[in-house]
Amino acid sequence: MPAQILAIIWAQWRSMRNYLPRSRGNNWLSILVSASWYAAWSFAAVSTGLVFAQTDGKLLYHLLPSGLFLLTLYWQIIPILMVSAGMSLDLRKLVPYPVPHSQLFAIEVLLRITTAGEMLLMICGALAGLLFNRTVPAWAPWTLLIYIAFNLFLSVGLRDLLARVLARKRVRELLIFVMVLLAALPQILLRSVDSRSLNRFFAYEPGRIWPWMGAGHLALGTNDIPSLINVVCWTAAAYLFAKMQFGKNLRFDTSEAAAPDRIQSTRVSLLDRGFRLLPAILPDPLAALVDKEIRMLARSPRFRLVFLMGFSFGLIIWLPMAFGNKNPNSVFSSHYLTAVTVYGLMLLGEVCIWNVFGFDRSAVQIYYSAPVKLSTVLIAKNIAALFFVMAEALIIAFVCFLLRLPFTAAMLLESIMVTLTMALFLLAIGNMMSMKNPRPVDPGQSWRKTSAGKVQAMLLFIYAVVSAPVGLAYAARYAFESDIAFYAVLAFDIGVGIVVYWVAMDSALDTARFRKEDIVSVLSRGEGPLL
Amino acid sequence: MTEISPAIAVRDLRKVYASKAAVDGLNLTVPRGSFFGFLGPNGAGKTTTIRMLMGLAPPTSGTIEILGLPMPGREDEVKEKIGLVPDESMLFDHLTGPEFIEFVGRMYRLPREVARERARELIALFELDGSQRKMIGDYSKGMRKRVAMAAALIHRPQLFLMDEPFEGVDAVGARLMKDILIAQVRQGATIFLTSHVLEVVERLCDHIAIINEGKIVTEGAIDEFRSGTESLEDTFVRVVGAERMTESPDWL
């Protein structure tokens with residue numbers, strides 16, 4: 001391996017080794033969730049291997065391509081949905097050195113493994129199973145390695161393309177608009193196209209054109225040459241796509257993309273008018289802090305991406321589950337609005353609940369030195385978070401209304417009340433976690449660096465706990481068949497949530513006082529060669 | 001007879017952000033072996049220029065030649081020959097000083113043992129040996145500049161590009177860094193630095209250029225600036241058009 005690649009890997013390893021001892025003890029939840037997550041996937045991989053070792057070749061002929069399709073879907077789509085595209089090279093810090101771009105590209109490709117290590121486990125399980133299957137030639141399963149390369153290249157290309165597009169002003173907004181339109185597409189199709197033509201379209205056998213078909217058949221040793229050509233062509237195309245996008249990213253100037261327009265309107269914007277109302281509602285310095293927080297978050301590319309994802313991809317992800325079955329009045333479809341809104345809250349949690357000082361970095365020193373109580377700072381941050389959570393809920397409702405998705409005033413009230421209840425508990429836990437485990441976050445960096453699956457698992461774990469009070473409200477509605485019971489329990493939950501919030505606030509403030517030096521020091525740091 | 005190319009030759013360089021030109025038709029020649037000071041008020045285009053020279057930002061138009069090699073085009077060869085003291089955000093905060101210097105050495109393809117040995121010597125030279133186990137994130141501003149400069153020296157470059165190298169450095173540290181830089185110029189290296197500290201530039205540099213609103217407003221040998229009655233500070237204030245008196249608010 002070239003010396004410069006080794007040097008980058010060494011520097012990253014040293015950075016992690018130097019950093020980890022300081023955060024020991026604070027990441028127990030993350031470690032526990034990661035261990036459970038990968039243990040579950042390892043179990044799934046072993047099970048797949050055992051099944052594949054004994055399954056008849058004909059069945060595998062249909063099973064494997066579908067499995068590979070799902071794998072690609074997970075590998076490429078989940079990171080986008082969770083705004084969490086794994087580790088990546090910090091090109092800004094590495095470009096000044098004489099490292100050949102081909103070497104940087106090689107590292108970047110390998111780093112894409114961090115997006116979906118789970119899928120690598122699954123492929124390894126499938127590969128091992130096929131090797132033990134007597135109906136499959138011994139050489140064939142190894143061709144799955146080409147499919148891994150295809151996914152790695154595709155992942156590099158997609159990540160780099162999205163990172164660049166989302167860094168550009170106006171183009172970013174245009175992309176989100178396209179996403180919202182895409183969200184509407186299935187609904188438009190379902191309403192405007194004859195159902196028989198749709199059935200014919202989805203029943204159409206796409207042949208061997210898709211990479212998962214070619215890779216699946218090749219891995220079983222059938223249709224050798226056409227499948228090989230298919231896989232090689234798709235992998236070559238993905239490689240060229242990745243190489244082109246990576247090259248463009250190397251030459252990309254983020255300052256240029258983010259530069260404000262020279263001619264700026266002197267008119268007071270609607271948002272500014274709103275901000276002027278703040279001192280009338282809240283006393284200073286709370287109003288000033290809320291004002292600062294809302295402006296800061298709204299200007300951060302990371303926050304904007306997450307916020308926009310809530311009502312764009314958020315609508316897409318739940319559509320098939322809500323309206324994919326034959327019963328349009330299923331439990332899920334009647335709670336579609338609430339589900340999307342809670343998903344929006346889940347995404348926003350990462351940028352404005354779990355690590356409230358993350359974007360403030362060295363500015364956190366001001367909170368400790370200014371004549372403002374830290375509780376006021378936390379409350380201001382929580383008010384700003386609630387503002388965005390509610391804004392997201394209203395936008396989701398508006399988009400649902402525009403797209404003619406199921407929408408009533410009662411649904412809106414339910415989604416807002418449920419989201420508000422959950423947000424209260426989340427803010428209480430979030431304040432404590434923010435003090436116990438503060439991490440500096442680059443607000444300009446659109447993607448989170450942990451694995452999307454791990455993030456998902458962690459959030460599921462936390463949300464399972466936090467949604468218990470809301471679950472009680474639904475249970476009450478089911479038991480008494482009454483909305484009054486539902487809202488009464490929710491009102492009680494909110495009352496409990498407020499008490500929990502204040503108790504958690506005391507605990508968070510104690511931690512903040514006790515760990516003052518650590519918090520300031522940790523938040524003012526940058527990172528290693530990887531983002 | 002072959003003419004030796006200048007260390008840096010920049011022609012009609014422009015960098016436009018949105019519709020605003022941060023650097024607007026810059027022409028600059030930095031002779032080899034010179035100690036060149038690049039001055040200007042905040043927002044004049046100094047950092048944008050040095051970012052383009054470092055290859056961190058592509059120019060909108062114009063040409064850059066460094067040590068006779070075009071940028072971009074032969075930038076890998078150029079990068080081998082230059083040493084950078086970039087702004088602080090380019091350091092890796094979770095590495096210790098010796099680790100960072102060793103990392104930079106290895107990025108310039110020095111064998112690992114050589115990089116480690118030189119890192120140890122540079123740490124001693126820059127008087128950072130008391131903080132060997134401290135992470136760069138815990139360094140003071142002056143120490144960060146020292147470690148950045150130490151790293152820039154590790155592969156013995158022919159040209160140094162330095163963005164505000166003395167910012168936040170105490171008098172002892174500044175003296176140490178100045179002595180090292182002067183020694184490098186004596187050995188034939190070229191130094192191109194941006195700075196706000198006019199006294200430092202006046203004492204160290206033999207050539208100066210002042211940039212304002214993206215354009216060079218004056219340049220020449222330091223002796224030309226010294227020959228008149230004006231100090232460098234007076235000249236600077238005059239050429240950037242900052243002589244006006246501002247009225248303080250009543251409450252101040």
Which of B:Ala151, B:Phe166, B:Ala189 sits closest to the plus end of the dipole of region B:134-251, meaning its Cα is farthest towards the positive end, when Lys and Arg get +1 and Asp and Glu get -1 on the C-beta? B:Ala151
So the pair-distance distribution of region B:1-62, from every Cα-Cα distance in 5 Å bins, comes to percents of 4, 16, 26, 26, 15, 7, 4, 2, 0, 0
Would you kindly give the portion of the calculated P(r) for region B:1-140 that falls above 21 Å, as a percent of all Cα pairs? 54 percent
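P(r) tail for chain B, what percent of Cα pairs lie past 26 Å?
I get 42 percent for the Cα pairs in chain B exceeding 26 Å.
Can you give the charge dipole size of region B:151-252 about its Cα centre, rounded to the nearest 20 debye, using +1 on the beta carbon of Lys and Arg and -1 on the beta carbon of Asp and Glu?
560 debye
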Given H placed on each backbone N at 1.01 Å, which residues far from B:Ile216 in sequence or on other chains put an amide H within less than 5 Å of it? B:Asn27
Those lysines that a straight Cα-Cα span of less than 20 Å connects to B:Lys178, excepting residues fewer than 8 apart in one chain: B:Lys141, B:Lys145
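Could you give the Stokes-Einstein D for region B:104-153 in µm² per second, using the C-alpha Kirkwood radius, 25 °C, 0.890 mPa s?
220 µm²/s
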Whole-Hz Karplus ³J(HN,Hα) for region A:147-154, in order, using 6.51 cos²θ - 1.76 cosθ + 1.60 and θ = phi - 60°, x for Gly and Pro? 5, 5, 4, 4, 5, 5, 4, 4
Find the all-direction average of the projected area of the Cα convex hull for region B:85-193, expressing the result in square nanometres with one decimal place. 6.1 nm²
Need the list of aspartates and glutamates near A:Lys381 for cross-linking: C-alpha distance under 20 angstrom, and skip anything on the same chain fewer than eight residues off. A:Asp272, A:Asp284, A:Asp291, A:Glu293, A:Glu350, A:Asp360, A:Glu392, A:Asp442, A:Asp506, A:Asp510
DSSP beta bridge pairing in chain B, given as percent antiparallel to the nearest 5: 60 percent
To the nearest 20 debye, region B:103-156 has a Cα-centred charge dipole, built from +1 on Lys and Arg Cβ and -1 on Asp and Glu Cβ, of 200 debye
Give the cross-link partners of B:Lys20 among the lysines, using a straight C-alpha distance below 17 Å as the criterion and excluding same-chain residues fewer than 8 apart. A:Lys169, B:Lys46, B:Lys215
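Every number in this text was worked out from the coordinates using simple rules, so none of it is lab data. A quick note: this is a predicted structure, and the numbers were derived from the prediction, not measured. Every residue, glycine as well, gets a Cβ built from its backbone with ideal geometry; the counts of neighbours run over all protein chains shown.
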